[in-house]
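What follows is a single structure, written as structure tokens, with notes after it.
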Amino acid sequence: MADVVVVLNAGSSSLKFSVFAQDAEGDKPICRGQAEALTTAPRFVAKDATGNVLDERSWGEGVPLGHAGALDHLVAFLQRRLAGHRLVAVGHRVVHGGTEYRRPIHIDAEVVATLQKYIPLAPLHQPHNLAPIRALLEQAPELPQVACFDTAFHRAAPTVSQMFALPKSITDRGVLRYGFHGLSYEYIASVLPQYDAQAAAGRTVVLHLGNGSSMCAMAGGRSIASTMGFTAVDGLPMGTRCGSLDPGVILYLIDQLKMDTRAVEKLICQQSGLLGVSGISSDMRTLLASEAAGAKAAVDLFAYRIQRELGSLAAALGGLDAIVFTAGIGENSAVLRERVCRGAAWLGLQLDDLANAGGGPRISAPGSKVAAWVIPTNEELMIARHTRRLLGAVTGDHAATPGATTGASMARSTAS
Ligand code: ADP
């Protein structure tokens, strides 16, 4: 009977999942999928490791399935799919671990209460992350759960890089530069030695460029600075988020344009970034394929801001040995990578055009002072690894897994 770990990533309108079989050699993905558009036109799809569809369902327009309905459907699917497997734990992606959590943690009621305190720090994500945790705690209390935080990887960064220049009384309330995408950066740090031992031990900037985009300066595999701050809106422009903004703009929106907080939130989180600038789309593929002036302006601004941040993070590192591109845009867009690398020529980066067109992994020219790599990220695998490590849930180590359960029994209890 194979041990499996389920990884859940609950967003504002989606519930993504991955299932990993675990043995002494590591974690192997056996299926993954998502329930999405949960409040509008819900869809569920699950695929095996080679991309074959295992299960698919649509609920149609106007059927608000919600997170609870999605979890029920997922549990029913897992019950069928994992029959004969032993579900040892569920690992969750949780956006905010606040100042408290510097590493993943085994979840109990006390942890949930602490994480609840961080909802005001991440109101758009944290409540959704906590929803399946609470549901599973209630319905399958014997099932071990682990929380893995997007903030944790950055918690050991120097104090100066975590601070805003605000009065101490505000800083003491936890108003800090937390940084996000930590699971992605941690994964890259974990595999970088296989690609470039010198960079892994040295100074590297990782560019996580997706719908959400950020960059992280790593010294010896540890985060020392990142572009995201108190929230995941800061830093680079993103699909629909504005990135860094003069705080005076917010005051102007409120005072002069009479926008209330929710309207400002919608503007900076959902209507800005690539979508807002282009007026066309938040999707980089669409923008790169478009001849429209707005699309060009959005791509130009994205590339320009990356270039500026790269200089800033290289300065924080005191030099640069390598850069790593990852996530949807970073892994797939040779055009964007080329623009970033050309803009980094002053740092000593020379691009290998052919290697870049081929997707890497090494895309810098031989002899380039700064190396450039394309490395696919894998946040889910990072969560599975943490979950296994924390619970000792490897085959042959069952005694260390309190209350390990089968997929079927978890499904029965969660479906009840
Ligand atoms: P998320 O932050 O939602 O996980 P992803 O990492 O999947 O996002 O990245 C999504 C982005 O990647 C979108 O802007 C998409 O257009 C972009 N992308 C995916 N493939 C390509 C490609 N071949 N060329 C350019 N952009 C791409």
Quiz item: How many percent of the alpha carbon pairs in region 331-379 exceed a separation of 18 Å?
Solution: 21
Quiz item: Sorted from largest down, what three extents in whole angstroms do the Cα atoms of region 5-46 have along their principal axes?
Solution: 42, 16, 7
Self-check item: Which of SER214, SER184 has the fewest Cβ neighbours within 10 Å, and the rest in rising order
Solution: SER184, SER214
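Please give the contour-minus-distance gain from ALA76 to ASP172: 0.36 nm per residue of separation, less the Cα-Cα distance, rounded to one decimal in nm.
Full extension of this stretch gives 30.1 nm more.
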Practice problem: Just round it to a whole percent: the fraction of Cα-Cα distances in region 161-282 exceeding 18 Å. | Solution: 60
Self-check item: Alpha-carbon gyration tensor eigenvalues x 5, square-rooted, for region 101-179, Å
Solution: 28, 13, 10
Quiz prompt | Candidate lysines - alpha carbon under 23 Å from LYS258, same-chain residues fewer than 8 apart omitted | solution = LYS266
Quiz item: How about region 259-318: which GluC sites (Glu not before Pro) there are in a DSSP loop, with at most 14 other Cβ atoms within 10 Å of their Cβ?
Solution: GLU291
Quiz prompt | CD proxy at 222 nm, helix term only [per DSSP H run n ≥ 4: -39500 (n - 2.57); per residue of the chain; nearest 500] | solution = -11500 deg cm²/dmol
Practice problem: Restrict the search to region 15-81; then list the GluC sites (Glu not before Pro) that DSSP places in a loop and that have at most 16 other Cβ atoms within 10 Å of their Cβ. | Solution: GLU25, GLU61
Quiz item: Local charge sum around LEU65 (other residues, Cβ-Cβ under 14 Å, Lys/Arg +1, Asp/Glu -1)?
Solution: -1
Practice problem: Any chance you could check the Cα centroid distance between region 54-99 and region 276-316 for me, in angstrom? | Solution: 34
Quiz item: For GLU265 and ALA201, FRET efficiency with R0 = 41 Å and r from the beta-carbon atoms, rounded to 0.05?
Solution: 0.50
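Relative to the present Cα-Cα distance, how much length would full extension add between ILE250 and SER312 at 0.36 nm per residue of separation? Can you show the working numbers first?
On the way: separation 62, 0.36 × 62 = 22.32 nm, distance 2.41 nm.
Separation in residues times 0.36 nm, less the Cα-Cα distance, equals 19.9 nm.
So how much slack lies between ALA297 and LYS28, counting 0.36 nm per residue of separation and subtracting their Cα-Cα distance, in nm?
Gain on stretching ALA297 to LYS28: 92.7 nm.
Suppose every Lys and Arg Cβ carries +1 and every Asp and Glu Cβ carries -1, with no other charges. What dipole size does the chain come out with about its Cα centre, to the nearest 20 debye?
340
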Quiz prompt | Counted charge near LEU354, where neighbours are those whose Cβ lies closer than 14 Å (Asp, Glu -1; Lys, Arg +1) | solution = -1
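Can you give the Rg to Rh ratio for the chain, taking only C-alpha atoms and Rh from Kirkwood?
Result for the chain is an Rg/Rh of 0.97.
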Exercise. Output the Kirkwood hydrodynamic radius of region 34-85, Cα pairs only, in Å rounded to one decimal.
Key: 11.5
Self-check item: region 221-314: chymotrypsin sites (Phe, Trp or Tyr not before Pro) falling in loop per DSSP and having at most 16 other Cβ within 10 Å
Solution: PHE230
Self-check item: Kirkwood Rh and Cα Rg combined as Rg over Rh, evaluated for region 56-98
Solution: 1.08
Exercise. Determine ³J(HN,Hα), in whole Hz, for all residues of region 215-230 in sequence, where each value follows from phi through the Karplus function 6.51 cos²θ - 1.76 cosθ + 1.60 and θ = phi - 60°; x replaces Gly and Pro.
Key: 9, 9, 8, 10, 10, x, x, 10, 6, 10, 6, 8, 7, 7, x, 5
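Rule-based calculations on the coordinates, nothing more; no lab input. Just so it is clear, the structure is predicted and the values come from calculations on it, not from any experiment. We place every Cβ from the backbone using ideal geometry, glycine too, and count neighbours over all the protein chains shown.
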